[in-house]
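Undergrad: Here it is, the structure, as structure tokens.
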Amino acid sequence: MAGRLTFPTAGRYDTRFLLEGAVPVAGFGLDFLPVGPAPFPLFRDMITELSYDIGEQALSHYLIARDQGVPITAIPVFPSRFFPQFGITVNAAAAIDKPADLAGKRVGVISFGYNPAVWLRGILQRHHGLDPRSVVWVEDADDPFFSPLHYPRPAGWRIERMAGLADGLFDGPRMRPLAALEDGRLDAFIAPGGGAPCTARSRPLFPDRPAYVREYCAAGGVFPINTVITLRQTTVRANPGLPAALFAAFAEARRRYHAEIAAGRETDHMGIATADLAAPGLFPDAYGVEPNRVALQRSIDDCLAQGVITRVVTPESLFEAV
């Protein structure tokens, strides 16, 4: 067996089967570093410091890191999928009742290139007819997901920065109501997952989640990819066979995860009822490039259109052979 490899991951969905030891990675010993219920606290560290051999990472963050020359690679495993539409919360006094009402509004994002924002801008344009350049995008001046990794911002877009925008938003992995949204400095805010908690001063833009999922899927919407399993390139070179072994382990873990969904033991995925994902055929899903080609290409296209990556890439070029 090769030397032990570090892998911080959240114990949720299929990753928990690896973390708990139920599914081994054949031929390799992994030291799992639990990070709580969600992996995002270590997103920045993995793309700026490469502190770990393996790490779960947001998809657009991985694309940006690759574009910036960070020596990181991935396998086509996507533990978390989501609807970023459910992460947008609006100020109740901002007169935002539908996506078109976001034109001219100040919409906060933790970072311009962070995954929910990239996906949501593309969805708002494709499915709701909103030109994302009509929105004032306000990002946290400290860029907690990427700093000190710098990536481009597009010309011709309305982008501002707000010092301390995300201060107080996170209590560990949990979110609190966002002060800048509650006091009206922002008209809307895009948070990870299911959005920031609402109060009497804020509400979700899409409150009826099951109905929205049905309508979105009927209109040809793809199931957005939230996270991907990344690896240091040096780790891959030093451990031949690791990508294939890790992929095989995750494929088995995904099979077990879907079995638990079918048995009614798993009822929620990223704040969405698994029954609402199964009904339009979103679950069960599969790993690999081909089953996810449309979603991967959509993310690449959105990153290019929004100017956060500069080079055209293919889905195949992003992943190790498995």
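The values are calculated or read from the model by the stated rules, or taken from the named source; none is laboratory data. Just so it is clear, the model here is predicted, and its values are computed rather than measured. Note that each Cβ is placed from the backbone with ideal geometry, even for glycine, and that neighbours are counted across all protein chains shown. Ligands, DNA and RNA are excluded from the accessible area calculation, which covers all protein heavy atoms including side chains. Shrake-Rupley method; radii C 1.70, N 1.55, O 1.52, S 1.80 Å.
Undergrad: In deg cm²/dmol, rounded to 500, what helix-only [θ] at 222 nm does the chain give when every DSSP H run of at least 4 residues adds -39500 (n - 2.57) and the total is split over its residues?
TA: Taking each H run of at least 4 residues, the total per residue is -8500 deg cm²/dmol.
Undergrad: Within segment 235-283, what whole-number % of the accessible surface is contributed by carbon and sulfur, with the 1.4 Å probe and all protein chains included in the calculation?
TA: Of the solvent-accessible surface of segment 235-283, carbon and sulfur hold 55 percent.
Undergrad: On average, how much accessible surface per residue is there in the chain, in Å², for a 1.4 Å probe, leaving out ligands, DNA and RNA?
TA: Dividing the accessible area of the chain by its residue count gives 39 Å².
Undergrad: Which chymotrypsin sites (Phe, Trp or Tyr not before Pro) in segment 122-218 sit in a loop by DSSP (not H, G, I, E or B) and have at most 16 other Cβ atoms within 10 Å of their own Cβ?
TA: Trp157
Undergrad: Hey, another quick one. Net charge around Pro116, counting only other residues with Cβ within less than 13 Å of its Cβ (Lys, Arg = +1; Asp, Glu = -1)?
TA: Net local charge, Pro116 excluded: 0.
Undergrad: Related question: For the chain, the longest stretch holding no GluC sites (Glu not before Pro) located in a DSSP loop with at most 15 other Cβ atoms within 10 Å is which?
TA: In short, 50-322.
Undergrad: To continue, here is another question. Explain nothing, just the number: dipole magnitude of the chain about its Cα centre with +1 on each Lys and Arg Cβ and -1 on each Asp and Glu Cβ, in debye rounded to the nearest 20.
TA: 300
Undergrad: Per residue of segment 310-322, what does 6.51 cos²θ - 1.76 cosθ + 1.60 with θ = phi - 60° give for ³J(HN,Hα)? Whole Hz please, x for Gly and Pro, Karplus curve as stated.
TA: 10, 10, 6, 10, 9, x, 4, 5, 7, 10, 6, 5, 10
Undergrad: State the antiparallel share, in %, of DSSP beta bridges confined to the chain, rounding to the nearest 5.
TA: 55
Undergrad: Give me the percent of the accessible area of segment 1-97 that comes from carbon and sulfur atoms, probe 1.4 Å, all protein chains in place.
TA: Ligands and nucleic acids excluded, carbon and sulfur reach 52 percent.
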